[in-house]
1. Just to verify a result, which residue in the range 209-229, among those that are assigned to a loop (DSSP other than H, G, I, E, B) and among the charged types (D, E, K, R), is surrounded by the fewest Cβ atoms within 10 Å (Cβ to Cβ)?
2. So is Val206 more than 22 Å from Gly109 (Cα to Cα), surrounded by 19 or more Cβ atoms within 10 Å (Cβ to Cβ) and of a type in the set (A, V, I, L, M) or not?
3. Residues being part of a helix (DSSP H, G or I), under 22 Å from the mean Cα position of the chain (by Cα) and not β-branched (Val, Ile, Thr): count how many of those fall in the range 179-207.
4. Six or more apart or on different chains, Cβ under 8 Å: which pairs go from a residue in the range 23-45 that's in a loop (DSSP other than H, G, I, E, B) to one that's exposed (fewer than 15 other Cβ atoms within 10 Å of the Cβ) and of a type in the set (Ser, Thr, Tyr)? Could you list them?
5. Within the range 68-86, does at least one residue satisfy the condition of being in a helix (DSSP H, G or I), more than 18 Å from the chain's Cα centre (by Cα) and within 30 Å of Glu26 (Cα to Cα)?
6. Has the range 78-95 got any residue that is in contact with a Gly (Cβ under 9 Å, 6 or more places away or on another chain) and more than 27 Å from Glu132 (Cβ to Cβ)?
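The values are calculated or read from the model by the stated rules, or taken from the named source; none is laboratory data. Since we're looking at a predicted model, the values are computed, not measured. Note: ideal-geometry Cβ built from the backbone for every residue, glycine included; neighbour counts use all protein chains shown.
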Amino acid sequence: MSITETLAALRLELQSAAVGNEEYAEFNKRIVNTALEVMGVRTPDLRRIAKSHAKGLSAESLLSLMDSINASSFEEVLLVGLMTGYGAFSDEERRYLTRRYLTLCDSWGAIDMFVVRNKKYATPFWWDFAVEALSSEHEFTVRYGIIMLMSNFLLPEYIDCVFAALRTVKHDGYYVKMAMAWLYAEAAVRFYGQTLQEVQAQSKWVRNKALQKMTESRRFTADQKSEIRGLKV
């Protein structure tokens, strides 16, 4: 099947999956805060479509597909991102495709639905790529790096390096800072004392938002939440 035929088939499936989801489309566009057009295809359907079409697709074909989609469509952009994860690619191919995908992203949704927790990503290869992303000037590429660290590297052997890497982040974008706060809140579940000490080295905004997320979580005891509240600036 040619790229043109593949794209046509994908669009038909997207259109079919979006039928009757007009209210969801409006809601999702507002929540995700994207400037792209939103059809209203729900995430399980997007994953199903992506998985079925990623089978047997070469990295070169997916790259051509990325270059052919309507980059103004939230679903088409996310779809090729999901296909990057589902395809049988080498690490080098997947990294190249991820770099291309990230240039299309304009929202946290395109990142957070793309990044998954999987042991195949908890490797030095993907660690290096995640850290590389932290120095980008593109807000959502930096968010990608942070969400990758949170999803796959909050491990005893990596936690010191994760915290050190976060100290290098210079981007001041809202969705970067929210991702950092989220990571600290997740890290505190397993590395409580170390995380509370580390988060105090962050900006007032990130620190307070991370502490807020901790106090809103059911995974901390009443005594821990009392201590956490005492650290707010």
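1. Result: Arg218.
2. no
3. So the count comes out to 13.
4. Note: pairs meeting the criteria are Leu36/Ser72.
5. Yes - at least one qualifying residue is present in the range 68-86.
6. No; the residues of the range 78-95 include none that is in contact with a Gly (Cβ under 9 Å, 6 or more places away or on another chain) and more than 27 Å from Glu132 (Cβ to Cβ).
Each row is one residue, and each column tells you yes or no for (1) surrounded by fewer than 21 Cβ atoms within 10 Å (Cβ to Cβ); (2) of a type in the set (Asp, Glu).
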residue: Leu63; (1), (2): yes, no
residue: Asp67; (1), (2): yes, yes
residue: Thr84; (1), (2): no, no
residue: Ala110; (1), (2): no, no
residue: Val115; (1), (2): no, no
residue: Tyr144; (1), (2): no, no
residue: Ala164; (1), (2): yes, no
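Let's see how each residue does on (1) under 23 Å from Val116 (Cα atoms); (2) surrounded by fewer than 16 Cβ atoms within 10 Å (Cβ to Cβ); (3) modelled with pLDDT of 95 or more; (4) of a type in the set (Phe, Trp, Tyr):
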residue	(1), (2), (3), (4)
Leu12	no, yes, yes, no
Ala18	no, no, yes, no
Phe27	no, yes, yes, yes
Pro44	yes, yes, yes, no
